[in-house]
1. For the ranges 15-23, 71-79, what's the packing order if you count other beta-carbon atoms within 10 Å of each residue, average per peptide, and put the highest first?
2. At 0.36 nm per residue, and after removing the present C-alpha to C-alpha distance, how many nm does the segment from Phe39 to Val113 gain when stretched out fully?
3. Identify all lysines with a Cα-Cα distance to Lys70 below 25 Å; exclude those on the same chain that are fewer than 8 residues away in sequence.
4. Residue by residue through region 63-73, which ³J(HN,Hα) values in whole Hz follow from phi under the Karplus form 6.51 cos²θ - 1.76 cosθ + 1.60 (θ = phi - 60°), with glycine and proline marked x?
5. For the chain, state the average projected area of the convex hull of the C-alpha atoms over all orientations, rounded to one decimal in nm².
6. Taking the Cα centre of the chain as origin and charging only Cβ (+1 Lys, Arg; -1 Asp, Glu), how large is the dipole, in debye to the nearest 20?
7. So, counting K/R as plus one and D/E as minus one, what does the shell of residues with Cβ under 14 Å around Ser64 add up to?
Amino acid sequence: MIIDIVNISDNDLPKYETLLSAGMDLRAYLDDPIVLKPFQRVLVKTGLFISLHPGYEAQVRPRSGLALKKGISVLNSPGTIDADYRGEIGVILINLSDLDFEINSGDRIAQMVIAKHETISWKVVDKLDNSLRGDKGFGSTGK
């Protein structure tokens, strides 16, 4: 699949780092570094604009290394970029650590996965079909 992209940053286009990678790293596009204080959140621009095909979305997810080593996550994970959105891709980062975290232009801040999705219609019914699980949830399957 080929997706149209505009890149106003001086960063390389997102790319798969290994042959079987599902996500591509997104990089910060900043005029000045951002210092993200503990438990602070910020919208980080990427300089990227995309035009997805109907039936697809781009999911913005945390980078596992940043999450584990620095406590940095994507706040609305996964963030969704809809096929009809044409604005700049931004990433809402949050610092869940007790240390300041500096973000510089070009830093890898998140990953993006392109995913197919369905568009559905609702059918109103009086009763749902039975299943083995039924209405058991919230820990009902054990630890």
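1. Most protected by this proxy first, the peptides run 71-79, 15-23.
2. Between Phe39 and Val113, full extension yields an extra 24.1 nm.
3. Leaving aside lysines fewer than 8 places away in the same chain, those within reach of Lys70 are Lys15, Lys37, Lys45.
4. Here the 3J(HN,Hα) series is 8, 4, x, 5, 5, 6, 7, 10, x, 9, 9 Hz.
5. 12.5 nm²
6. Magnitude of the dipole: close to 640 debye.
7. +3
Values quoted throughout were computed directly from the atomic coordinates according to the rules given, and no laboratory measurement underlies them. Computed from a predicted structure; not experimentally measured. Neighbour counts are summed over all protein chains in view; Cβ atoms, including those assigned to glycine, are modelled from backbone coordinates with ideal geometry.
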